[in-house]
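Step one of this worksheet: look at the structure below.
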Amino acid sequence: MPLREAHPEDAAALAAVHVLSWRAAYRDLVPGPYLDALDIEERAAAWRSRLTAPDRPSVLMATDDGGRAVAFSSFRACPDEEFAPGSTAELSALYALPEVWGTGVGRALLSASTGALAADGFRAAVLWVFAGNARARRFYEAAGWQADGASVREDTGGRVLEELRYRRHLFT
């Protein structure tokens, strides 16, 4: 599937992937009413804002043969003050429509994202994943990411969920 940089006019497509993937991937983790209430139009407005901000993240999207967005990743310099500026990046999102899970599109996005970060001079990258999201954890671990011991507890839709930080060195 082709990968390309996302632009502000892609906000609605990104929002649809974002919401539909959350509803499928987190059905057993996040309360159903919260997932059902996710609004694609609200999410599109948030993506438009992110994609037009001066400090916008990098966003790559994968499209099917008809040009429809099926997955995306978002990454940026890590905002965590724990890391030296410019040394560590954050993969802040990687979502795919359930219909393309297992097709390699996620691996392609992850590889393109980490490649872009390495080209930008970052030495390592981090991401956060729900502890209970075994599918995502297996995906990242298969790509060389490892939990680094950091965790946070967040209220998501009325349920407190633990998130684990994963880290990967970009140069071996």
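Would you kindly derive the ³J(HN,Hα) couplings of the stretch 123-130 from the backbone phi angles with the Karplus curve 6.51 cos²θ - 1.76 cosθ + 1.60 (θ = phi - 60°), listing them in order in whole Hz, with x for Gly and Pro?
9, 8, 9, 10, 8, 10, 9, 4
Which length gain, in nm to one decimal place, applies between D39 and V160 when the Cα-Cα distance is subtracted from 0.36 nm times their residue separation?
41.4 nm
Leaving ligands, DNA and RNA out of it, work out the accessible area of F130 with a 1.4 Å probe and give it in Å² to the nearest 10.
20 Å²
Could you work out what % of the accessible surface of the stretch 1-90 is carbon and sulfur, using a 1.4 angstrom probe and leaving DNA, RNA and ligands out of the count?
Of all accessible area on the stretch 1-90, carbon and sulfur atoms account for 51 percent.
About the Cα centre, and with charges only on the beta carbon of Lys, Arg (+1) and Asp, Glu (-1), how big is the dipole of the stretch 1-113? Nearest 20 debye, please.
Details: 10 positive and 16 negative charges, 39 e Å.
Computed charge dipole of the stretch 1-113: roughly 180 debye.
For the chain, what is the relative contact order in percent, using Cα pairs closer than 8 Å and at least 6 residues apart in sequence?
Once normalised by length, the contact order is 21 percent.
State in Å² the accessible area per residue of the stretch 13-172; use a 1.4 Å probe, count heavy atoms of protein chains only, and round to the nearest integer.
51 Å²
Which values, in whole Å and largest first, are the semi-axes of the equivalent ellipsoid of the stretch 80-150 obtained as the square root of 5 times each eigenvalue of the Cα gyration tensor?
Here the semi-axes work out to 22, 16, 9 Å.
With every protein chain in place, what's the accessible area of Y34 (1.4 Å probe, Å², nearest 10)?
Its heavy atoms expose roughly 90 Å² to the probe.
Can you send over the solvent-accessible area of R68, 1.4 Å probe, protein chains only, in Å² to the nearest 10?
Looks like 110 Å² after rounding.
Taking the dipole about the Cα centre of the chain, with the C-beta of Lys and Arg at +1 and of Asp and Glu at -1, give me whichever of A15, P54, S113 is farthest to the positive side.
S113
The values are calculated or read from the model by the stated rules, or taken from the named source; none is laboratory data. Source: prediction; values computed, not measured. Cβ: placed from backbone, ideal geometry, glycine included. Neighbour counts: every protein chain shown. To get the accessible areas, we keep the full protein, side chains included, count just its heavy atoms, and leave off ligands, DNA and RNA. Shrake-Rupley method; radii C 1.70, N 1.55, O 1.52, S 1.80 Å.
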